[in-house]
Amino acid sequence: MTGATGFLGHAVLRLLRARQLPLRALVRRSGELSLEPDEEVVGDLADPPSLDRLCQGSNSVIHLAAALGAASPARMHAVNVEGTRTLLSAACRAGVERFVLISSVAAGRPHHGPYSRTKRQAERLVIDSPLCSAVLRFPVLSGPQSQLESGVLGVARRSPLVPVLGGAPLRPLPVDDAAAACLAAAQRSQAAGIYTLAGPQALSFAQLARCVLQEHGLSRAVVSLPPTMIYPVVALLERIWGAPPITVEAARAAAAGTPPSSPRAEQDLGVPFRPGVSAV
């Protein structure tokens, strides 16, 4: 697995440990994971020898690592596209049986910006490869210490007012369900192609923020602002800060909402997207 240090990566690692399944993880430096895999390979996506060591003798590869947020377009291309290409080559050399790319619903909207565009390009590389592969497009993920939760709490702890972006409904997916889908895609031969996954509840950003605040016992006013008001402010922050907490592309993605799950996702992945699950 790549990307084991991230929010989703940690959940996948936790699930693998619970099921006593062996894992070899790519890390930038030894000991950086809070949960230890069976084996660590020190390296990165630009280092083919480390990727050869990662893939050698493996049945499946789960590729979570990606450049996002305020990373430059060049960095996103290097990691998301060229890194995926290099890892695919290593997987082919090692005779890996299955390759799972963790993507984003943003890949369905490549016109939004460089992250969406490079994830779409990575998807094409995986689907066009000779490997048996699956691509999972995830929406915003929910759970303790998620980006959604951290963002809302970060504002709420500094202000009595929590401004959020208006737009189409979001369907956040609980991170443990996302982890189960990753593992299913790596194990089930019928899982092939591109799957869009969505959570059980359609909620506005304002409703999600109120769920987070209620979960943490915070009373704050939540104000929903139209995208046309948010975009210019975020664009200005990008120019001033360089690495703001939200980018224009991320704002566009949030305003566009979450598309529905692929019709065959539950059948092929065997993961029930349970109705009524808490959004936070």
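The figures follow:
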{"item": "Scan of the range 124-176 for residues that are in contact with a strand residue (DSSP E or B) (Cβ under 9 Å, 6 or more places away or on another chain) and part of a helix (DSSP H, G or I), ordered by number", "result": "125, 126, 127, 147, 148, 149, 152, 155, 156, 175"}
{"item": "Hits in the range 121-143 (condition: surrounded by fewer than 22 Cβ atoms within 10 Å (Cβ to Cβ) and basic (Lys, Arg))", "result": "124"}
{"item": "Residue count for the range 76-91, restricted to those that are free of Cβ contacts under 8 Å to residues at least 40 places away in the same chain and surrounded by fewer than 18 Cβ atoms within 10 Å (Cβ to Cβ)", "result": "2"}
{"item": "Pairs where the first residue, in the range 167-196, is at positive phi and the second is surrounded by 23 or more Cβ atoms within 10 Å (Cβ to Cβ) and not aromatic (Phe, Trp, Tyr), C-beta under 6 Å, 6+ apart", "result": "none"}
{"item": "Breaking point among (1) without any contact (Cβ under 8 Å) to a residue 24 or more places away in the chain; (2) of a type outside the set (D, E, K, R); (3) touching a Leu at 6+ places or on another chain (Cβ under 7 Å); (4) within 24 Å of residue 192 (Cα to Cα), for residue 41", "result": "(4)"}
{"item": "In the range 61-76, the residues that are under 18 Å from residue 137 (Cα atoms) and either at pLDDT 95 or above or hydrophobic (A, V, I, L, M, F, W, C) (or both)", "result": "61, 62, 63, 64, 65, 66, 67, 68, 76"}
{"item": "Elements of type strands (runs of 3 or more DSSP E) in the range 1-75, at least 2 residues being surrounded by 18 or more Cβ atoms within 10 Å (Cβ to Cβ), in contact with a helix residue (DSSP H, G or I) (Cβ under 6 Å, 6 or more places away or on another chain) and of a type in the set (S, T, N, Q)", "result": "none"}
{"item": "Count of the range 200-232 residues which are assigned to a loop (DSSP other than H, G, I, E, B) and either over 19 Å from the mean Cα position of the chain (by Cα) or at pLDDT 90 or above (or both)", "result": "8"}
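The values are calculated or read from the model by the stated rules, or taken from the named source; none is laboratory data. Nothing here was measured: the structure is a model prediction, and the numbers come from that model. Virtual Cβ from ideal backbone geometry, glycine too; neighbours counted across all protein chains shown.
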